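Visitor: Would you mind keeping the following structure in view while I ask a few things?
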Amino acid sequence: MMPTRLLLLLCLIGPVFAIEAPDVDCLIINLKNVSCTWNKKGTPKVNYTFYSSFFNKKEKSCPQYLTENNMNIGCIQPCESGDRFMTFNTRLVHGKDRFKETHGLKNRVKLNPPTNLTVLNGSDFNLWFYWNHTSPAHLHCVESEVRFRTNNNNWEFSKVSPEIQKYCINSPSGSSRYELQVRNRIVEGCGLSDFWSDWSEPVFWGSNSSIDSDSVPLWMTLLYVVGAITLILLVVMLLQRERLKIILIPAVPKPSPILHDIEDWFQLSKGLKENFKASYNEQVCPVREYNYVSQSDSMNSDDSTSSVSTNQTHCSVSIDVNDPEDLYVPLSSSSSQVPSEEVLQVSD
Amino acid sequence: MKLIVFCLFTIYCCSLVKASYPMERKKLQEVLRELKMLKQLMMNTPPKDIEDCCCLTALTCFRETLLQHFGISGKYQKKLYKSLNHTLTVSTFGLNFCNTETSTTNCSTCHSHPKEKASEFFNRLESLVQRGLSRIN
């Protein structure tokens, strides 16, 4: 009875003291090494021995352990580039405890960042960036991603197709500073990587000469100074010299609703004003129409009627004629006698 | 008389409206059942791990299984079948990974492979092709 109870007690308590199965997490680094860790749930309490193998290959023990606080937490070992398509078997052993797992590593690949990142100023005045990758993957299996920024502003991202290991920035500004980084991964056609590589070391081009670009040329500065001095002098002169002020800024006459003599609008001298006033009267000069009468007609007419008289007060107008012997005399309202061989009949 | 005709017409229209929903629902449920059957379609599928010298044998199994279950009536089925049968595909620089003169008699036959779901079948075919692409220069 007692042994039975003891056995029952051990069966109930046993699982409490059992070691929790470690979770092995593996990753292929740069298609050259496999890195496995089992410290996801914390540093293990015991030191495990790690064994692994790809399909159809001999199982090997770990050549290089990763440690933390003197405890084995992972293992890194070499592999071939094509091994990732095969099932990866792992085994952790500690005493009688054995934990087996299988892994599919086709997509669990992380490449190393690109190297030898260089920049060249091309003959087309564009900025060209070149890089290499160090993995054994073929060029058509690797795609890249570029990020660059200007003068420490926000990053701009751009994908680069497989087999291409260069990037171009068109017409770069000579006064800006460019910074560029690259990363890569395996493309979908060759088994897409779940992870991008880390960003490469940055490369720089240009200088951050934002101050120079904003500076004003010397001649413009002098021009501004001269212009300001001229303006100040002009203001001073305008304030001091009333004559100059009147010439440059004539007073605008203020229109008044009360009607004044229009002569007052003009600023004329007194003598000039007096001269504008009229000091004589001019009589109205009636204008009469003169008709030409021939000599024969004048002979038949009465002498009394042929005599004409003119009033000196009336204005007379001399008109040029072809015959110098012709005379033109108004007939009506005339008081003086004018001898003439031919008499003109005047009609009012 | 007119009122009676109008009432009968109204009842008829209402019955039509009420009847259309069950028909459409039934059709959609039928589509779901057929889709489920297709998803559970089991096919002889080569294993995940294929030895280099058994890749061509596996390719043949993939091709013939496709022909058996999907035929070549469709445009893309026909194109896929022809591509899997192309000389370039089966060449040394394609999916023929066997560089040694090792006999291929150790490779499993197609019917001996366990049946897997259609999704797993296509995933394994895709992996085989990706493996070939990663080896080509």
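Visitor: May I ask which residue of B:Asn137, B:Val90, B:Phe122 lies farthest towards the positive end of the charge dipole of chain B, with charges of +1 (Lys, Arg) and -1 (Asp, Glu) on Cβ and the Cα centre as origin?
Guide: Positive-most Cα among the choices belongs to B:Phe122.
Visitor: How much accessible area does A:Glu20 have with a 1.4 Å probe, in Å² rounded to the nearest 10?
Guide: 130 Å²
Visitor: Hey, which lysines would be in cross-link range of B:Lys36, C-alpha to C-alpha under 21 Å, not counting anything within fewer than 8 residues on its own chain?
Guide: Within the straight-line limit of under 21 Å, B:Lys36 reaches these lysines: B:Lys26, B:Lys27, B:Lys115, B:Lys117.
Visitor: Would you please give the FRET efficiency between A:Asn170 and A:Thr134, computed as 1/(1 + (r/R0)^6) with r the Cβ-Cβ distance and R0 = 25 Å, to the nearest 0.05?
Guide: The value I calculate is 0.30.
Visitor: Turning to a different aspect of this structure: Tally Lys and Arg at +1 and Asp and Glu at -1 over the other residues with C-beta under 12 Å from the C-beta of B:Lys82: what net charge comes out? Please report the intermediate quantities before stating the final value.
Guide: Details: positive: B:Arg63, B:Lys75, B:Lys78, B:Lys79; negative: none.
Residues near B:Lys82 contribute +4 overall.
Visitor: Reachable lysines from A:Lys57, Cα under 24 Å, same-chain residues fewer than 8 places away excluded?
Guide: A:Lys32, A:Lys100, A:Lys106, A:Lys110, B:Lys48
Visitor: A further question on this structure: Give me the inter-chain shielding for B:123-135: mean count of other chain Cβ atoms within 10 Å, whole number please.
Guide: Working: counts 0, 0, 0, 4, 5, 1, 3, 11, 7, 2, 8, 16, 6.
Rounded to a whole number, the mean comes out at 5.
Visitor: If I model a spin label as a point 7 Å beyond the Cα along the Cα-Cβ vector, how far apart are those points for B:Ala118 and A:Ile232 in nm?
Guide: Roughly 9.0 nm, to one decimal.
Visitor: Treat each spin label as a single point 7 Å out from the Cα along the C-beta direction, and report the A:Tyr290 to A:Met2 distance in nm.
Guide: Computed distance between label sites A:Tyr290 and A:Met2 equals 18.1 nm.
Visitor: So, with a 1.4 angstrom probe, what is the percent of accessible area on chain B that is carbon and sulfur? Don't skip to the end; give the middle numbers.
Guide: Details: 6360 of 10070 Å².
The nonpolar share, carbon plus sulfur, comes to 63 percent.
Visitor: Can you give me the solvent accessible area of A:Phe157 with a 1.4 Å probe, rounded to the nearest 10 Å²?
Guide: Using a 1.4 Å probe on the heavy atoms, I get roughly 120 Å².
Visitor: Which angle between 0 and 90 degrees, to the nearest 10, do you get for helix B:2-39 versus the longest principal axis of chain B when only C-alpha atoms count?
Guide: Between the helix axis and the principal axis of chain B, the angle is about 10 degrees.
Visitor: Show B:Ser91, A:Ser135, A:Ser207 ordered by accessible area, largest first, where the area counts protein heavy atoms only and the probe is 1.4 Å.
Guide: A:Ser207, B:Ser91, A:Ser135
Visitor: Chains A and B: how much accessible area gets covered up at their contact, both sides added, probe 1.4 Å, in Å² to the nearest hundred?
Guide: On the way: alone 25120 and 10630 Å², together 34610 Å².
By this definition, chains A and B bury close to 1100 Å².
Visitor: Let me ask something else about it. Largest first, how would A:Ser144, B:Ser15, B:Ser127, A:Ser171 line up by accessible area (1.4 Å probe)?
Guide: My answer, sorted largest first, is A:Ser171, B:Ser15, B:Ser127, A:Ser144.
Visitor: Along the positive direction of the dipole of the range A:1-118 (beta-carbon charges: Lys, Arg +1; Asp, Glu -1; about the Cα centre), which of A:Ile73, A:Leu9, A:Asn112 reaches farthest?
Guide: A:Leu9
Visitor: Could you report the accessible area of B:Glu24 in Å², rounded to 10, computed with a 1.4 Å probe on the protein chains as they sit in the structure?
Guide: 120 Å²
Visitor: So which residues of the range A:102-116 lose at least 30 Å² of accessible area, probe 1.4 Å, when you go from the chain by itself to every protein chain present?
Guide: Checking the loss per residue gives A:Lys106.
Visitor: Looking only at Cα atoms, what is the convex hull volume of the range A:81-142 per residue, in Å³? Numbers along the way, then the final one.
Guide: On the way: hull volume 7.2 nm³, N = 62.
Considering the Cα atoms of the range A:81-142, their hull volume per residue is 116 Å³.
Visitor: On to the next question. Return a whole-number percent for the relative contact order of the range A:111-205, with Cα pairs under 8 Å and 6 or more residues apart as the contact set. Intermediate results must be reported in sequence, preceding the final value.
Guide: Working: 205 pairs, mean separation 32.5, N = 95.
Rounded, it is 34 percent for the range A:111-205.
Visitor: Note down the relative contact order for chain B as a percent, whole number, built from C-alpha pairs under 8 angstrom at least six residues apart.
Guide: The normalised contact order for chain B reaches 35 percent.
Visitor: Please give the length that would be gained between A:Ile246 and A:Asn154 if that part of the chain were fully extended, namely 0.36 nm times their separation in residues minus their C-alpha to C-alpha distance (nm, one decimal).
Guide: Extending this stretch completely gives an extra 27.1 nm.
Visitor: Still on this structure: Taking the Cα centre as origin and putting +1 on Lys and Arg beta-carbons and -1 on Asp and Glu beta-carbons, what dipole magnitude results for the range A:25-109, to the nearest 20 debye?
Guide: Values: 14 positive and 7 negative charges, 35 e Å.
Approximately 160 debye in magnitude.
Visitor: Roll a 1.4 angstrom probe over the protein heavy atoms and tell me the percent of accessible area of the range A:25-109 that is carbon or sulfur.
Guide: C and S fraction of accessible area: 45 percent.
Visitor: Return the loop-located GluC sites (Glu not before Pro) in the range B:48-137 (DSSP other than H, G, I, E, B) with at most 12 other Cβ atoms within 10 Å of their own Cβ; answer none if there are none.
Guide: B:Glu101
Visitor: List the residues of the range A:125-155 that lose 30 Å² or more of accessible area once all protein chains are present, compared with their chain alone (1.4 Å probe, heavy atoms only, no ligands or nucleic acids).
Guide: Residues shielded by partner chains are A:His138, A:His140.
Visitor: Here is a follow-up. Please list A:Ile73, B:Ile72 in order of solvent-accessible area, largest first, computed with a 1.4 Å probe with all protein chains present. Walk me through the numbers on the way to the answer.
Guide: Details: A:Ile73 20, B:Ile72 75 Å².
Result, largest first: B:Ile72, A:Ile73.
Visitor: Taking the solvent-accessible surface of protein heavy atoms with a 1.4 Å probe, what is the per residue accessible area of the range A:25-109 in Å²?
Guide: Accessible surface, normalised per residue, equals 54 Å².
The values are calculated or read from the model by the stated rules, or taken from the named source; none is laboratory data. Nothing here was measured: the structure is a model prediction, and the numbers come from that model. Note: ideal-geometry Cβ built from the backbone for every residue, glycine included; neighbour counts use all protein chains shown. With ligands, DNA and RNA removed, areas are computed over all heavy atoms of the protein, side chains included. Shrake-Rupley method; radii C 1.70, N 1.55, O 1.52, S 1.80 Å.
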